[in-house]
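See structure below.
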Amino acid sequence: MDVLSAIHTRRSVRHYEAEPVKEADLKVVLEAARWAPSWANTQCARFIVVRDPGIKLKLAGTLNPGNPAIAAIAEAPIVIAACAVLGKAGYKRGEVCTDKGDWFMFDVGLAMENLVLAAHALGLGTVHVGLVDAKKAAEILQLPPGVVFVEMTPLGYPNEEPRVIPRKELPEIVFYDRYEQK
Ligand SMILES: Cc1cc2nc3c(=O)[nH]c(=O)nc-3n(C[C@H](O)[C@H](O)[C@H](O)COP(=O)(O)O)c2cc1C
């Protein structure tokens, strides 16, 4: 699948088959994340591949009640938790160097979008899951100090055909030469 088709046809998947993910496919999606760009190539993103059903259940319990991805975290054969080492992205010689502070969210986002697009190209489903009690997730995953939980995605074969969620039209989001108040 070419990159434009992957971008246009990827959907968030919230229902999964129990069928395991092939090891070779897991490696491809992790490699896609590894090759994402990052701030000065500092590579703050870390990935935890969770297969243990007990840990997946505990992670499902960190989602806010009503989060439509709760079942997906429990039922997918794999959950990938994306974490970040703080104090790397957006820093120069230990000092923050922009008004944005730590750029870890940006770098982890780039890596995870690579990962979900690669998964889709292989016929695997994913959904970015950010509405989570991140502190609880960090405890479950035993993150050390200085490493934070950012998001997670289930990974597995889709058991649904998700509907297309519409997007704003280009004129609503693209301006030329200067920002336009609409
Ligand atoms: C940073 C981020 C966090 C998200 N968190 C959740 C979440 O906690 N639960 C959920 O069901 N979907 C979550 N989503 C998925 C979005 O709802 C979804 O991407 C959006 O509605 C567009 O649908 P699509 O991915 O099918 O195109 C998240 C997406 C992003 C980018």
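FYI, it's all coordinate maths here, none of it is from the lab. Fair warning: this is a prediction, and the values are worked out from it, not measured in the lab. Here the Cβ positions follow ideal geometry from the backbone for every residue, glycine too, while neighbour counts run over all protein chains shown.
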Order the peptides 158-164, 73-79, 98-104 from the highest to the lowest mean number of other Cβ atoms within 10 Å of their residues.
73-79, 98-104, 158-164
Find the centroid of the Cα atoms in the range 18-77 and in the range 113-182, then give the distance between the two in whole Å.
11
Computed Rg/Rh of the range 47-152, alpha carbon atoms with Kirkwood Rh:
1.00
Each label sits 7 Å from Cα toward the beta-carbon; between Val164 and Asp99 the label points are separated, in nm, by 3.8
Residues meeting the amide H criterion for Glu151 (H placed from the backbone, H to H distance under 5 Å, 5 or more places apart or on another chain) are Ala82
Of all the Cα-Cα pairs you can form in the range 102-151, what percent are over 14 Å apart?
60
Using the Karplus equation 6.51 cos²θ - 1.76 cosθ + 1.60 (θ = phi - 60°), what ³J(HN,Hα) coupling, rounded to whole Hz, does each residue of the range 165-171 give in order, writing x for Gly and Pro?
8, x, 10, 4, 6, 3, x
The set of residues whose placed amide H lies less than 5 Å from the amide H of Leu63, leaving out same-chain residues fewer than 5 positions away, is Asp133
Dmax and Rg, reported as Rg then Dmax, of the chain (C-alpha, Å):
17.3, 53
So what is the diffusion coefficient of the range 106-182 in µm² per second by Stokes-Einstein at 20 °C and 1.002 mPa s, using a Kirkwood Rh over Cα pairs?
136
Under the rule a/c < 1.5 gives rounded, and otherwise a/b versus b/c splits prolate from oblate, where does the range 138-177 land using the Cα gyration tensor?
oblate
May I ask you to list the lysines whose Cα is less than 19 Å away from that of Lys182, ignoring any residue fewer than eight positions away on the same chain?
Lys168
Table column - 3J(HN,Hα) (Hz), the range 71-81, Karplus curve with 6.51, -1.76, 1.60, x for Gly and Pro
4, 4, 5, 6, 9, 5, x, 9, 10, 10, 9
Ellipticity estimate at 222 nm from DSSP helix runs (n ≥ 4, -39,500 (n - 2.57)) divided over the chain, nearest 500:
-9500 deg cm²/dmol
Given backbone amide H placed at 1.01 Å from N, residues whose amide H is under 5 Å from that of Val96, ignoring those fewer than 5 places away on the same chain, are none
What ³J(HN,Hα) values, in whole Hz, does the Karplus curve 6.51 cos²θ - 1.76 cosθ + 1.60 give for the range 90-103 when θ = phi - 60°, with x put for Gly and Pro?
x, 10, 10, 6, x, 10, 4, 10, 9, 6, 8, x, 7, 8
